[in-house]
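**Q** Pasting in a structure now, in structure tokens, and then I'll have a few things to ask.
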Amino acid sequence: MPELRDIPLTYEEGVYSLVDFSEDTSDGAISFDYDAQYQMLTYAIPVGKSKREMTLHSVPEDDLIRTLRAVYDRDGTLQNVTAALNGHETLLYIRYENEEHAKQEIRRFAIQNADIIIEQIQQCTDAAARLFIDYYYDSDYMDYLAVIGTAAQMEAVRQEYRSEDSCDHSGNYPSEFIKGDNQRLITMIRCAEGYPPKNFQYAIEIMSKHIEKHALAALHKTEDFKFICAEYD
């Protein structure tokens with residue numbers, strides 16, 4: 001593949017692609033390492049005075065080279081890096097002014113992400129017996145999703161497992177996972193200063209409360225309906 005040039009942290013104001021950069025970087029840079037065999041992209045992002053490694057999987061080589069964009073503000077400071085991977089705009093890096101700015105941006109995106117999930121939940125016309133919010137954190141991997149359990153599905157679960165407790169486990173239901181933009185969430189969390197699990201929990205609470213407030217009213221619910229939010233393993 002063509003050489004992956006470093007993305008300098010300071011440059012002239014504007015929007016640039018990979019081919020716009022030279023090899024020399026005097027004021028620090030984001031350097032990429034691409035594994036063509038596994039389509040895996042690794043790189044380190046500046047977080048405060050340190051760096052934090054990022055890993056993206058299933059990254060098409062051609063998409064990365066053609067669509068990567070770096071945005072610099074009027075002061076020449078790198079603001080964000082994106083690429084259209086598999087037809088989806090993917091955030092690779094975002095810069096925050098400080099911790100408070102990071103919280104504001106994470107909160108703003110968390111609400112937008114929850115709205116995407118809510119829109120999908122509201123498409124369910126069957127009687128809903130359960131709405132699950134499942135989340136997971138492990139180093140640089142984070143997951144957040146919703147699962148609907150219809151009344152008919154719950155009865156099938158009850159008959160199969162002969163247990164009421166089995167009805168409260170999302171993995172027993174055949175419904176498809178309902179997701180927003182988890183990759184953007186991961187990038188925004190890991191680019192923020194502070195402890196990533198704490199920032200992730202902050203986003204979880206915002207999304208889950210927003211979904212509970214706005215999605216449940218639109219569902220046709222059974223009398224024994226439950227909204228269950230829990231971490232999976």
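The values are calculated or read from the model by the stated rules, or taken from the named source; none is laboratory data. For clarity, every value in this text was computed on a predicted model and none was experimentally measured. Note that each Cβ is placed from the backbone with ideal geometry, even for glycine, and that neighbours are counted across all protein chains shown. These accessible areas exclude ligands, DNA and RNA; they are computed on the full protein's heavy atoms, side chains included. Shrake-Rupley method; radii C 1.70, N 1.55, O 1.52, S 1.80 Å.
**Q** Given an 8 Å cut-off on Cα distances and at least 6 residues of separation, report the relative contact order of the chain as a percent. Show your work: numbers first, answer last.
**A** Details: 407 pairs, mean separation 45.4, N = 233.
RCO, the chain: 19 percent.
**Q** Ok, one more. For the chain, compute the number of Lys pairs whose alpha carbons are separated by less than 25 Å, excluding pairs fewer than 8 positions apart on the same chain.
**A** 19
**Q** Quick one: which of 103-115, 216-228 comes out on top by average Cβ neighbours within 10 Å, and what's the full order, highest first?
**A** On the way: 103-115: 17.6, 216-228: 13.9.
Peptide ranking by packing, descending: 103-115, 216-228.
**Q** Over what distance in Å are the Cα centres of segment 130-164 and segment 19-88 separated?
**A** So the two Cα centres are separated by 35 Å.
**Q** Modelled label-to-label distance, Ser166 and Thr55, 7 Å Cα→beta-carbon offset: nm?
**A** So the label points at Ser166 and Thr55 sit 3.6 nm apart.
**Q** Multiplying the sequence separation of Glu89 and Asp62 by 0.36 nm and subtracting their Cα-Cα distance, what value in nm do you get? Provide the component values of the computation, followed by the final result.
**A** Numbers: separation 27, 0.36 × 27 = 9.72 nm, distance 1.42 nm.
Going from the current span to full extension adds 8.3 nm.
**Q** Can you give the helix-only mean residue ellipticity at 222 nm for the chain, where every DSSP H stretch with n ≥ 4 adds -39500 (n - 2.57) and the sum goes over all residues, rounded to the nearest 500 deg cm²/dmol?
**A** On the way: 5 runs with 70 residues, N = 233.
Mean residue ellipticity at 222 nm (helix-derived): -9500 deg cm²/dmol.
**Q** Averaged per residue, what accessible surface does segment 132-233 expose to a 1.4 Å probe, in Å²?
**A** Numbers: 5340 Å² over 102 residues.
Ligands and nucleic acids excluded, the result is 52 Å² per residue.
**Q** Which whole number in µm²/s is D for the chain by Stokes-Einstein, with the Kirkwood Rh taken over Cα pairs at 25 °C and 0.890 mPa s?
**A** Working: Rh = 19.6 Å.
After rounding, the answer is 125 µm²/s.
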